[in-house]
1. Do any strands (runs of 3 or more DSSP E) entirely within the chain hold 3 or more residues that are within 11 Å of the chain's Cα centre (by Cα), free of Cβ contacts under 8 Å to residues at least 60 places away in the same chain and surrounded by 12 or more Cβ atoms within 10 Å (Cβ to Cβ), and if so, which?
2. Report whether or not residue 33 is on the phi > 0 side of the Ramachandran plot and at pLDDT 95 or above.
Amino acid sequence: MSVKIKDIKTKVIKEDDGFYSIACSALGVYSTGKNLQDAKKNYLKALELHLSVLKEKATEAIAI
C-alpha cells in the first residue's frame, strides 16, 4: 500500500458541546480540545509522538 501526501486529510469537527475534535484517519491521529487552539495544540503533540514512534520502528527495522 502506498499513500501520497495529498491523500492525507485532516478533519476539524466542532462538537455539540463546544469542544473541537481533529482527526486524521489515514495516520491514526486524533485529538480534542476545549477550543480550536487547544485542539490544534493537542493534535500537533499527538502527531509528533505518532511520527516519532513510526521513525523509531522504521529505524529498528533496518538496523543490522
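1. Working: elements: 11-14, 20-24, 29-33.
Result: 20-24, 29-33.
2. Details: on the phi > 0 side of the Ramachandran plot: no; at pLDDT 95 or above: yes.
Criteria not met by residue 33.
The values are calculated or read from the model by the stated rules, or taken from the named source; none is laboratory data. It should be emphasised that the depicted structure is a prediction, and the values quoted were computed from it without experimental measurement. Glycine gets a Cβ as well: all are built from the backbone with ideal geometry, and neighbour counts include every protein chain shown.
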